[in-house]
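S.K.: Pasting a structure here, questions to come.
Just so it is clear, none of the values below were taken in a lab; they were calculated from the coordinates. None of these values were measured; they are calculated from a predicted model. Using ideal geometry, Cβ is built from the backbone for each residue, glycine included, and neighbour counts are taken over all protein chains shown.
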Amino acid sequence: MTLKQLIDVSHHDYYGSGNIGDEYLNFDSFLAEWPADDVDLDMNLIYRWDLDQPDGYDPGKACLTVFFIQPRKARIFECVIKEFTEKDIEPLRKYLEPHKIKLLSLWHPF
């Protein structure tokens, strides 16, 4: 999958939590703060992501927003990664996979 293909994915509804978490320059800096092997999915679960390429952005870069829910704190927030590139696609897919599995498990047995 290419960066353009991911940008073109429509999630249909704009979503903003109103609770901006942190902003990160790139995906590596996000991973340094939120390492995949250290995220407790019962405490910090990603339930949505959006990828956008605002006007004026370099064609090889996009802005990634990941939306977290903290169920035990009744809190939602978002983290913004300002420079997401094509090299980040596979690491993002791997990062999101356990979150996806956890979300699906919440609906079991339906």
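S.K.: Restricting to the range 94-110, and then to whatever is among the charged types (D, E, K, R) and in contact (Cβ under 8 Å) with a residue 12 or more places away in the chain, can you tell me which residue is nearest to TYR47 (Cα to Cα)?
M.R.: Selected residue: LYS102.
S.K.: Continuing with this model, one more query. Going through ASN44, ASN26, ASN19 one at a time, which residue ends up being under 24 Å from THR2 (Cα atoms) and among the polar types (S, T, N, Q)?
M.R.: Only one candidate passes the filter, namely ASN26.
S.K.: Please list, ordered by first then second residue, the pairs with beta carbon atoms under 7 Å, 6 or more apart or interchain, first in the range 73-88 and more than 9 Å from PHE27 (Cβ to Cβ) and in contact (Cβ under 8 Å) with a residue 60 or more places away in the chain, second among the charged types (D, E, K, R) and in a strand (DSSP E or B).
M.R.: Filtered contacts from the range 73-88: VAL80/GLU23.
S.K.: Kindly state which strands (runs of 3 or more DSSP E) lie completely within the range 1-93 and contain at least 1 residues that are under 20 Å from SER105 (Cα atoms).
M.R.: Those strands (runs of 3 or more DSSP E) span 45-52, 61-70, 75-85.
S.K.: For the range 53-63, how many residues meet the condition of being out of contact with any helix residue (DSSP H, G or I) (no Cβ under 7 Å at 6 or more places or on another chain), within 15 Å of ASP8 (Cβ to Cβ) and surrounded by 13 or more Cβ atoms within 10 Å (Cβ to Cβ)?
M.R.: Here the count works out to 2.
S.K.: Restricting to the range 79-110, name every residue that is over 19 Å from PRO59 (Cβ atoms) and aliphatic (A, V, I, L, M).
M.R.: Result: VAL80, LEU96, ILE101, LEU103, LEU104, LEU106.
Residues checked against (1) among the charged types (D, E, K, R); (2) out of contact with any Ser or Thr (no Cβ under 6 Å at 6 or more places or on another chain):
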| site | (1), (2) |
| --- | --- |
| ILE7 | no, yes |
| GLY21 | no, yes |
| GLU33 | yes, yes |
| VAL39 | no, yes |
| ASP50 | yes, no |
| THR65 | no, yes |
| ARG75 | yes, yes |
| PHE84 | no, yes |
| GLU90 | yes, yes |
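S.K.: For ILE81, work out the one condition from (1) of a type in the set (A, V, I, L, M); (2) loosely packed, with under 14 Cβ neighbours inside 10 Å; (3) in contact with a strand residue (DSSP E or B) (Cβ under 8 Å, 6 or more places away or on another chain) it doesn't fulfil.
M.R.: Tallying (1) of a type in the set (A, V, I, L, M); (2) loosely packed, with under 14 Cβ neighbours inside 10 Å; (3) in contact with a strand residue (DSSP E or B) (Cβ under 8 Å, 6 or more places away or on another chain), ILE81 fails exactly one: (2).
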